[in-house]
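Undergrad: Once you've had a glance at the structure underneath, I'll fire off some questions.
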Amino acid sequence: NLIDKNKFRVVVDEFSDLLDAYSYRDKAIDSLLNSVSNFSHVSYISATPIKPEYYPKQLVGLDEYEIDWGSYQQVAVTRKKTNKPYLNVCSIIENYKTAGEQGLLMPNGSYSKTAYFFVNSVNSIINIIDTASLKPSEVRVICSNNKVNQSKLDVFKIETALDKEKQFNFITSAAFKGCDFYSETGVIYVVSNVSNSNTLISIDTDIRQIAGRIRNSNNPFNKNIFHIYNTDNSLLNEEQFEQLIQQKK
């Protein structure tokens with residue numbers, strides 16, 4: 001109420017979150033949309049926009065602009081379906097450790113010395129760390145910095161994207177967006193476990209955001225992602241998925 005609504009412009013970044021987060025942040029989002037509607041200039045931006053048919057009513061009918069970035073290289077996602085995603089991660093960790101100083105030989109012929117595991121569950125990260133017998137000197141965990149998470153992690157500290165890279169880097173959704181990682185040989189692994197809904201990602205938004213986290217142009221793997229996942233009998237058909245989206249909308 002203290003801001004002159006005719007002199008200032010409002011920019012709402014990552015507006016796709018308006019849909020993704022509405023199921024548990026409806027009051028905050030309603031308040032935001034109602035507040036900014038009083039401004040003469042409002043822009044909603046996102047690198048991963050939602051489909052226009054899923055827009056909140058406040059966005060319907062607004063002018064739309066799409067930035068043409070010119071030529072770009074497509075990100076390749078290699079999918080690995082497994083009954084036990086976390087054990088598969090432990091196997092990857094073991095391969096890194098036995099590969100030695102040269103690093104792990106990847107399919108493109110380059111060597112990787114560091115791994116970035118994007119998995120949205122602190123409990124799952126602890127499970128992997130314990131199973132793989134990792135030490136604090138080998139691990140960087142990036143998650144929400146609160147007492148509950150720190151208590152779970154015990155001797156493993158909660159770190160940030162600005163802290164020094166380690167051989168094995170675990171990242172929760174706290175850093176899926178808006179964090180830049182700098183790694184010359186880091187490889188991105190996205191880990192989903194159907195038995196833990198927190199780890200399930202949105203193909204439209206989350207995986208596209210994750211794809212851009214490592215910023216080094218000299219990284220030979222910055223156009224590659226490995227998705228480790230499992231499935232069960234709860235897969236939705238198209239009609240069920242549409243019903244879910246309408247419910248969220």
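The values are calculated or read from the model by the stated rules, or taken from the named source; none is laboratory data. Just so it is clear, the model here is predicted, and its values are computed rather than measured. A quick note on method: Cβ atoms are made from the backbone with ideal geometry, for glycine too, and the neighbour counts reach across all protein chains shown. Quick note on the areas: whole protein, heavy atoms, side chains included, nothing else; ligands and nucleic acids left out. Shrake-Rupley method; radii C 1.70, N 1.55, O 1.52, S 1.80 Å.
Undergrad: Just wondering, is there one or more residues in segment 121-138 that are modelled with pLDDT of 95 or more, of a type in the set (Asp, Glu), open to solvent by less than 80 Å² (accessible area, probe 1.4 Å) and over 21 Å from Ala211 (Cα atoms)?
TA: yes
Undergrad: Still on this structure, I have one more. Which one is surrounded by the fewest Cβ atoms within 10 Å (Cβ to Cβ) among residues in segment 141-166 that are in contact with an Asp or Glu (Cβ under 9 Å, 6 or more places away or on another chain) and outside any loop (DSSP other than H, G, I, E, B)?
TA: Ile142
Undergrad: All but one of (1) in contact with an Asp or Glu (Cβ under 9 Å, 6 or more places away or on another chain); (2) part of a helix (DSSP H, G or I); (3) within 16 Å of Ser192 (Cβ to Cβ) hold for Asn127; state the number of the condition that does not hold.
TA: Condition not satisfied by Asn127: (1).
Undergrad: OK, next. Six or more apart or on different chains, Cβ atoms under 8 Å: show the pairs whose first residue is in segment 175-189 and open to solvent by less than 40 Å² (accessible area, probe 1.4 Å) and whose second is assigned to a helix (DSSP H, G or I).
TA: Listed by first residue and then by second, the contacts come to Phe176/Asp206; Phe176/Gln209; Phe176/Ile210; Ile188/Ile210; Ile188/Ala211; Tyr189/Val89; Tyr189/Ile92.
Undergrad: Let me ask something additional. Of everything in segment 192-237 that's at pLDDT 85 or above and in a helix (DSSP H, G or I), which residue is surrounded by the most Cβ atoms within 10 Å (Cβ to Cβ)?
TA: The extreme case among them is Ile210.
Undergrad: Moving to a separate point now. Looking at segment 20-74, which of its residues are of a type in the set (Phe, Trp, Tyr) and surrounded by fewer than 14 Cβ atoms within 10 Å (Cβ to Cβ)?
TA: Scanning segment 20-74 gives Tyr24, Tyr65, Trp69, Tyr72.
Undergrad: In this structure, is Gln240 open to solvent by less than 20 Å² (accessible area, probe 1.4 Å), within 26 Å of Asp26 (Cα to Cα) and not in a loop (DSSP other than H, G, I, E, B)?
TA: When the stated conditions are applied, Gln240 does not pass them.
Undergrad: For segment 57-69, state whether one or more residues are over 20 Å from the mean Cα position of the chain (by Cα), at positive phi and either part of a strand (DSSP E or B) or not basic (Lys, Arg) (or both). Let's see the steps before the verdict.
TA: Narrowing segment 57-69 to residues over 20 Å from the mean Cα position of the chain (by Cα): 57-69.
From what's left, at positive phi: 61.
Adding the requirement that they be either part of a strand (DSSP E or B) or not basic (Lys, Arg) (or both) leaves 61.
Yes, the conditions are met somewhere in segment 57-69.
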